[in-house]
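What follows is a single structure, written as C-alpha cells, with notes after it.
The values are calculated or read from the model by the stated rules, or taken from the named source; none is laboratory data. On a predicted model such as this, the values are computed, not experimentally measured, just so you know. Don't worry about glycine lacking a Cβ; one is built from the backbone with ideal geometry, like all the others, and counts go over all protein chains shown. Side chains are part of the model used for accessible areas, which takes the heavy atoms of the whole protein and leaves out ligands, DNA and RNA. Shrake-Rupley method; radii C 1.70, N 1.55, O 1.52, S 1.80 Å.
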Amino acid sequence: LKLGYDTVPKFLNLYGEGLPSKLNAPGTDPSTSLITVMYTEVGSLNEVIELWRHGDGTKAMERSRVAARGASEWRNAISEIAELAVNFTSTIHKPVSWSPIK
C-alpha cells in the first residue's frame, strides 16, 4: 500500500465493509474460507496479507473469485482499495503434511 499513517486503517475499513458481500456472494464455493487478514508493523510497511483456504483447490478459488466479482459492495470496496495500492500479488501455497492448516 502507499505510504501514510492512515493508509492501512483506511484499507482495513474498506475491506471490512465489503467483505460480507464477498463471503455471501452467490456461487462462492462452500470450501472457500478466509483464514486471516494481517498487516505489517515492522519491515515492509503498509503491507496487508490475506490468507484464504480453498478446500477444493484452484477450481474452488476460481469459482469464488468469479462469484465475488458479482458482489456490488465488494466491487465498490475494491475500487477504493485500488487507489491505495502500490502493487498486488497473488500466490498459491500448499501446506506441508504436518501443518495445522490443511
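Observations, loosely collected:
- Helix runs (DSSP H) in the chain reaching 18 Å along axis by Cα, Kyte-Doolittle at least 0.0: 7-23
- Only lysines eight or more places from K2 in sequence, or on another chain, were considered; those with a Cα closer than 29 Å are K10, K22.
- Per-residue extension of 0.36 nm, minus the Cα-Cα distance of A82 and S44, leaves a gain of 11.8 nm for this segment.
- Peptide ranges 59-70, 1-12 listed from the most packed, as the mean C-beta count within 10 angstrom indicates: 59-70, 1-12
- Once you reduce segment 45-67 and segment 69-102 to the center of their Cα atoms, the two points are 6 Å from each other.
- Restricting segment 63-102 to chymotrypsin sites (Phe, Trp or Tyr not before Pro) that sit in a DSSP loop and have at most 10 other Cβ atoms within 10 Å of their own Cβ leaves F88, W98.
- Built amide H within the under 5 Å cut-off of T32, gap 5+: G55
- Here the scattering of segment 1-81 is modelled by Debye summation over its C-alpha atoms, one equal scatterer each and no solvent; at q = 0.25 Å⁻¹ the log10 of I(q)/I(0) is -1.17.
- Heavy atoms of the protein chains alone define the surface here; on that basis the chain has 72 Å² accessible area per residue at 1.4 Å probe size.
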